[in-house]
Amino acid sequence: MLKVSDLSSRFFIVAHRGASAYEPENTMRSFRHAVKLGCKAVEFDVRLSKDGYPIIIHDETVDRTTNGHGRVNELSLEELKALDAGLGEKIPLLDEVLDNLSGRAVFFIELKVDDAVKPVLEAVEDRDLWSSVLFISFKPFHLREILNYNSDAYVGLIYFKSGDGIVTARRIGAIAVLPYYRFASKRAVAFAKKLGLMIIPWTVDDISVAKKLKSYGVNGVATNKPDLLLSLEDNYS
Ligand code: G3P
Ligand code: CA
């Protein structure tokens, strides 16, 4: 089984919402495509249905990515599952993703809502997938809650602004920072690494940007177009 610790010393590609430039984002089809391309890490976003099921969808509403309308947290699982998330795909349950892809990739599980933290932890605990999950969030308190539940969990802080993301991540006990790629300067990368943090910028769909970030020493990049960047990966064999 591929583990988060297997990734830390190499440059790797994270499929952002799966191979989302080619398949409907955050669907099983998008995740399978990413794994088939050879991605060792797949990122996705978790929210809760009205009736409390962890499901994989990025936005607060279903409007952009499905043929439905409304807020995710005001729709039941049955209502959400009736929607077309693109090419006939259904919005996946977290359980479906974990059960179908465990062992085939490391999961970067992004907590989009506070109430999702506990059920996500329980789903990972039930399957004992701790070593192959990096829990990620923009909210430091999500990461603290995760580490309170299991101090051995791997957590990473996402940030979208310049500022103290690296220091905050270190204070929390995160193993990684995930900056918007424009904030992954040479200096920021060096600082993160000096503090012992992995640094994995997002979202990079341009090979020249990915090459530059790799030359700075980032551990990996998240991309919607994994096929463009996989040739930059270090050899895993
Ligand atoms: O991996 C971090 C990245 O996914 C955060 O941004 O909006 O695509 O969830 P977003
Ligand atoms: Ca995300």
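The values are calculated or read from the model by the stated rules, or taken from the named source; none is laboratory data. Owing to the predicted nature of the structure, the values given are computational and were not obtained by experimental measurement. Glycine also receives a Cβ, built like all others from the backbone with ideal geometry; neighbour counts cover every protein chain displayed. Keep in mind that these areas ignore ligands, DNA and RNA; they rest on the heavy atoms of the full protein, side chains included. Shrake-Rupley method; radii C 1.70, N 1.55, O 1.52, S 1.80 Å.
Details
- Taking only the Cα atoms of the stretch 4-232, the radius of gyration and Dmax are 16.6, 48 Å.
- Accessible area of the chain divided out per residue, in Å², using a probe of 1.4 angstrom: 45 Å²
- To the nearest ten degrees, helix 207-216 and the longest principal axis of the Cα atoms of the chain are 50 degrees apart.
- Accessible area per residue (1.4 Å probe, heavy atoms of protein chains only) ranks SER9, SER49 as SER9, SER49, with the largest value leading.
- Area of LYS139 that stays accessible when all protein chains are in place (1.4 Å probe, Å², to 10): 80 Å²
- Computed across the stretch 1-51, the Kirkwood radius stands at 11.8 Å (inverse of mean 1/r, all Cα pairs).
- Among the trypsin sites (Lys or Arg not before Pro) in the stretch 10-51, those located in a DSSP loop and surrounded by at most 13 other Cβ atoms within 10 Å of their own Cβ are ARG10.
- Accessible area per residue (1.4 Å probe, heavy atoms of protein chains only) ranks ASP227, ASP115 as ASP115, ASP227, with the largest value leading.
- Label positions at SER231 and ASP84, each projected 7 Å from the Cα along the C-beta direction, are separated by 3.6 nm.
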